[in-house]
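Reading through the structure tokens given below for one structure.
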Amino acid sequence: MQRGALLDAARTLLSEGGTEALTFPALAERTGLARSSVYEYFRSRAAVVEELCVVDFPVWAAEVEAAMEGAESPEAKVEAYVRRQLALVGDRRHRAVVAISAGELDAGAREKIRAAHGGLIAMIVEALAALGHTQPRLAAMLLQGVVDAAVRRIELGAAEDPDEITEAAVAMALNGVRG
């Protein structure tokens, strides 16, 4: 129960203030626990981050996968893959993952994030192969790069509207640079 409250507080802190906001005193204050009690659950900030990745990323990935399953053609699967990830940008779980990946993390936490992203990439390989890509895994990694760039653009509060960024990312995914 308290572990869940700590994770929820961590999500809030990360989404509101980024990795700098995720401190044990702040976690203690948000949950009403003594600072020493926070250390009973997590040995470091990196441990909190790792736990968030373990808990939140599969939920997020399942939402992307469900959107893709509802699509009938390979093109529609690619579009669903891009749109669902970008639709999740406003979700607290996603904001936490973005804040986490932007921060200074230890090797274990970075590896968990890499593995989670690898799972996302694996989801789209089959659709890209069906579209005729001779190297669908490479194409999937490059496609995820487009999505990641769009996520960063939305998170930064860029001059473009988030819907415009989403439409540009979908067009890039489906049509390349030809527009």
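Quick notes on this structure:
- Relative contact order (%) - criterion: Cα under 8 Å, at least six apart; region: the chain: 22 percent
- Counted residue by residue at 0.36 nm each, then reduced by the alpha carbon distance between them, the extension gain from LEU131 to ALA34 reaches 29.4 nm.
- Net dipole in debye of the chain [+1 Lys, Arg Cβ; -1 Asp, Glu Cβ; about Cα centre; nearest 20]: 480 debye
- Helix-derived mean residue ellipticity, 222 nm - over the chain, DSSP H n ≥ 4, -39500 (n - 2.57), to 500: -25500 deg cm²/dmol
- Using Cβ point charges alone (K and R +1, D and E -1), the dipole size of segment 1-82 about the Cα centre works out to roughly 600 debye.
- Selection from PRO58, LEU142, VAL82, by position along the positive dipole direction of the chain (Cβ): PRO58
- Whole-percent P(r), segment 118-179, all Cα pairs, 5 Å bins from 0: 4, 19, 24, 23, 16, 9, 4, 0.
- Potential lengthening between ALA47 and LEU156 on full extension [0.36 nm per residue; Cα-Cα distance subtracted]: 36.6 nm
- Rg over Rh [alpha-carbon atoms, Kirkwood Rh] for the chain: 1.03
- Residues ASN175 and GLU16, FRET efficiency given R0 of 45 Å [Cβ-Cβ distance, rounded to 0.05]: 0.75
- Heavy atoms of the protein chains alone define the surface here; on that basis the chain has 52 Å² accessible area per residue at 1.4 Å probe size.
- Efficiency of FRET from Cβ geometry, ALA66 and ALA149, R₀ 22 Å, rounded to 0.05: 0.40
- Considering all C-alpha pairs of segment 35-94, those separated by over 16 Å amount to 55%.
The values are calculated or read from the model by the stated rules, or taken from the named source; none is laboratory data. Everything quoted here is computed from the prediction, not taken from an experiment. Positions of Cβ are backbone-derived with ideal geometry, glycine not excepted, and every protein chain shown enters the neighbour counts. For the accessible areas, the whole protein counts, side chains as well, though only heavy atoms, and no ligand, DNA or RNA atoms are used. Shrake-Rupley method; radii C 1.70, N 1.55, O 1.52, S 1.80 Å.
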